[in-house]
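What follows is a short report on a single structure.
The values are calculated or read from the model by the stated rules, or taken from the named source; none is laboratory data. Note that this is a predicted model, so its numbers are computed, not measured. Glycine gets a Cβ as well: all are built from the backbone with ideal geometry, and neighbour counts include every protein chain shown.
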Amino acid sequence: MAKYVSKLARREFLKVSAAVGALGSSGLINRAFAAGDTVNFMAWSAAVDLVKSHVAEFEKSIGIDVDYANAPWSNYRDNIITKFVGAAPLDMMWVSDAWLPEFADAGWIAPINKFDNLMKYNDEAEDFCNDSMTYKGMQYGLTYYTDFMAFLYDEDALKKAGIDAPPATWDEVTEQCLKIKSAGISEYPLMLALANESWLMNFLAAMVYSHGGRFTDEKGNAAMQSPTEGAVAALQWVVDAVHKHKIVSPACVETGELTGLKAFQSGNHAFALEPKYRMRPINDPKQSQIAGRCKQVLMPSSNGGAHNTVGWMRFHGMSSATAANQAHAERTAKLIEWFGGRANGAYKFQKYLFTDIGAGFGVKPLFNDKDVQASYNSYADVEMIKAQQALALKSDVVTPWYGEWQETNASSWQAAIVGKVSPQDAMTKAGDKWDNLKQEFS
Amino acid sequence: MSGFYTGLKYTLARRFNYEARSAGLFLFPVMSVLAVVAVFPILYSLYTSFFNLKLTRPHRVPFVWFDNYVKVLSDELFWESVMRTVSFTVMSVVAILILALFIALLLNESFHGRRFISAMILIPWAIPTVANGLLWKWIYDSGYGALNGLLLQLGLIDKYVVWLGDPDKTIPLIANAFVWKEVPLAAILILVTMKSIPVDLYQAARVDGANLLQRFVHITLPSLKPGFMLVMIYETMMAIRHFDLFFLLTEGGPADASHVLSWQIYVETFRNLSFGTGSAMSYILALVTFALAYAIIKMLGRRI
């Protein structure tokens, strides 16, 4: 009998183990534990320790449990879309402004307009941040981080070439590059990173906006192919820079943002287009050979036009499934406020992010914070940053078909740069693709 | 109910003997796993290919019959990708066959250090594919790459050359990296075939006065046909479906210079999240691969 009982117990144990294993591997246990009052928060794996400590502070101060998970940026979009489609528990998540239209149209994320505790922060946020979080008249979150494409230069390289002031227009950029090149200071004075990667669109948009052009018109139709108001002039400038003046390396089409950054840090170039937050590592003696020499100037304009650049932002959003449950939505809104608004009266998380990794913020009051000013001024000019950020424009190609169009747009730019097609033909191809996709999606 | 089970048991026992039943029983677990992880996804992707399934439009997934196949086959970029894939495959397979033959001939000889050289030759094959891709990315880099450094030191170039950024060089350079990785396995397969050629044939040919070239052309090459066929089929399939190097080295660029079929499937499926057209493309690629393998077997097989 004892033997029988022992055998039975062993069998039961094996059955239970198998069931637990199966549940665990399918994620059901996590789901079960994370259900209820817990707020499920998904982010990409940036500043993980910082996020964890801010979550812990929230749990302690507000008394709501948070289940925090993260995934690498490279596959975050796929990861989160799979979660939405599979109806995985997800309440708050980081969202890129580039994904807003497709996420909103798919009904995955919900507007936050009904939450007064969140909407009150709009007055203190940069206008283009509020614009970037708004789709079809509704706002979908609070800012997490924002930045813009900056025009940087190596002060010493300019001095050696006898140049007194940095360029204000793209024509002056050409002139100064030629001067630097002929002085033997740099073979390719301007660094442009135009490899087909996620950064590419920001480089292209900065070039186009600073040339006074746009990719689309007010109705959202393609305008990029217009020879006067589109992207053709900007692309022509790049093509001339590579082939006619030879001031940009023909290898720019295989140069990614990180590789370009390293080359600029090594002192190979006099000018560079880089995300503004890169100024910190560029001016850090431990990481850069041009530390202390890198300065920022307003994005060159095209013959007296505005010094516009492109700005981008990421925000804290709420899932539609969560918004449908009022009590849980209110809990989630508290977490969104804790991260994107004030936590115990201060913009703590955005300040932490800035002081920890140099990530830009989208809330104006932080510019007056003494710690922030001191940090900025140790490697950059805070007034210049404020001035350029005010001239940053929201990307005009953020639509549900953006990703699909960008494949064609990127290859069109590259085809023109390597001399396979003319800039006009390249932009016409990109414009046709845009209009076809717009029609398909409507 | 018990009558039904007894009937079923009797029918099975009559149709399958004890050994067949035992084999079926032992195979059942692995066949079940294969059905779940291989057969079902393959059939499900076929089913998916008949829908306009775009993950970002979850509420609009119409059944479209063969529209995805028509859309893919009428896309200009698809045919350009096919041509690039063909060009990459021909370039790679020809180079692999020639190099593998020479290496096999070398390793078939007896000389001091043969074992060491055999081990050295296998190294590229042992390197993981991703590591291989990153290695070549460093070699080809236009700014700090080893290739430019070497050529400059040898005085063969006077300034750094743009390698992967030049659309005319992209496919040959990626093919070179692919060949480097694939040649060792091909050489071993050909060497194994070479070892199976009876020595008597060579001795008889010598007696008949055949010189080295004649022995190679009339004995070695014809006897290597099974090995060649195996290498050709395997490497053709590998080259047609190859993705890793295109992903790691160029991401389909510059412009569309390395936009091959496998890359297009990746972009369509995982970047555009269009699972319907992505599945249709995958089936077209699978059919083309099968057709090619069949053609090679028919062409070379009847001569063996």
Selection within segment A:225-266 - more than 13 Å from chain B (Cβ to nearest Cβ), in contact (Cβ under 8 Å) with a residue 40 or more places away in the chain and part of a loop (DSSP other than H, G, I, E, B) = A:225, A:227, A:230, A:231, A:245, A:247
Condition met for residue A:383 (within 30 Å of residue A:136 (Cα to Cα) and part of a helix (DSSP H, G or I)) = no
Taking segment B:43-61 and the residues there that are more than 13 Å from chain A (Cβ to nearest Cβ) and among the aliphatic types (A, V, I, L, M), the one that is farthest from residue A:441 (Cα to Cα) would be B:43
Which number in (1) touching a residue at least 24 places away in the same chain (Cβ under 8 Å); (2) within 14 Å of chain B (Cβ to nearest Cβ) marks the one condition that residue A:44 misses?
-> (2)
Of all residues in segment B:150-176, count the ones that are surrounded by 13 or more Cβ atoms within 10 Å (Cβ to Cβ), more than 12 Å from chain A (Cβ to nearest Cβ) and either within 20 Å of residue A:260 (Cβ to Cβ) or of a type in the set (A, V, I, L, M, F, W, C) (or both).
-> 6
Quickly run through segment B:80-131 and pick out the residues that are of a type in the set (Phe, Trp, Tyr) and either exposed (fewer than 14 other Cβ atoms within 10 Å of the Cβ) or assigned to a loop (DSSP other than H, G, I, E, B) (or both).
-> B:102, B:111, B:116
Assess whether residue B:165 counts as being over 22 Å from residue B:252 (Cα atoms) and modelled with pLDDT under 95.
-> no
Which condition number in (1) within 14 Å of another protein chain (Cβ to nearest Cβ); (2) loosely packed, with under 15 Cβ neighbours inside 10 Å; (3) out of contact with any strand residue (DSSP E or B) (no Cβ under 9 Å at 6 or more places or on another chain) is the one that residue B:143 fails?
-> (2)
Restricting segment B:63-79 to residues that are outside any helix (DSSP H, G or I) and touching a Phe, Trp or Tyr at 6+ places or on another chain (Cβ under 7 Å), which is surrounded by the most Cβ atoms within 10 Å (Cβ to Cβ)?
-> B:64
Is it the case that segment B:178-189 has a residue that's under 17 Å from the mean Cα position of the chain (by Cα), in a helix (DSSP H, G or I), free of Cβ contacts under 8 Å to residues at least 60 places away in the same chain and under 28 Å from residue B:126 (Cα atoms)?
-> yes
Segment A:72-83 - residue that is among the hydrophobic types (A, V, I, L, M, F, W, C) and buried (at least 17 other Cβ atoms within 10 Å of the Cβ) and, of those, farthest from the other protein chains (Cβ to nearest Cβ) = A:80
Find all pairs meeting these conditions: Cβ atoms under 9 angstrom apart; at least six residues apart or on different chains; first residue within segment A:74-86 and on the phi > 0 side of the Ramachandran plot; second residue surrounded by 17 or more Cβ atoms within 10 Å (Cβ to Cβ).
-> none
Only one of (1) modelled with pLDDT of 95 or more; (2) among the charged types (D, E, K, R); (3) assigned to a helix (DSSP H, G or I) fails for residue A:274. Which number is that?
-> (3)
Could you tell me whether any residue of segment B:154-161 is among the aromatic types (Phe, Trp, Tyr) and either out of contact with any helix residue (DSSP H, G or I) (no Cβ under 8 Å at 6 or more places or on another chain) or under 23 Å from residue A:411 (Cβ atoms) (or both)?
-> no
Matching option when the condition is modelled with pLDDT of 95 or more, touching a strand residue (DSSP E or B) at 6+ places or on another chain (Cβ under 9 Å) and under 20 Å from residue A:212 (Cα atoms), among A:392, A:426, A:430 = A:430
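How many residues does segment A:200-224 hold that are part of a loop (DSSP other than H, G, I, E, B) and either touching a strand residue (DSSP E or B) at 6+ places or on another chain (Cβ under 8 Å) or surrounded by 22 or more Cβ atoms within 10 Å (Cβ to Cβ) (or both)?
Total satisfying the criteria: 6.
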Among the helices (runs of 4 or more DSSP H) contained in segment A:84-196, which hold 1 or more residues that are more than 14 Å from every other protein chain (Cβ to nearest Cβ) and within 23 Å of residue A:404 (Cβ to Cβ)?
-> A:127-132
Neighbours by Cβ (under 8 Å, 6+ apart or cross-chain): first from segment B:257-280, at the interface with another protein chain (Cβ under 8 Å from one of its Cβ atoms) and of a type in the set (Phe, Trp, Tyr); second surrounded by fewer than 21 Cβ atoms within 10 Å (Cβ to Cβ) and part of a helix (DSSP H, G or I) | B:270/A:78
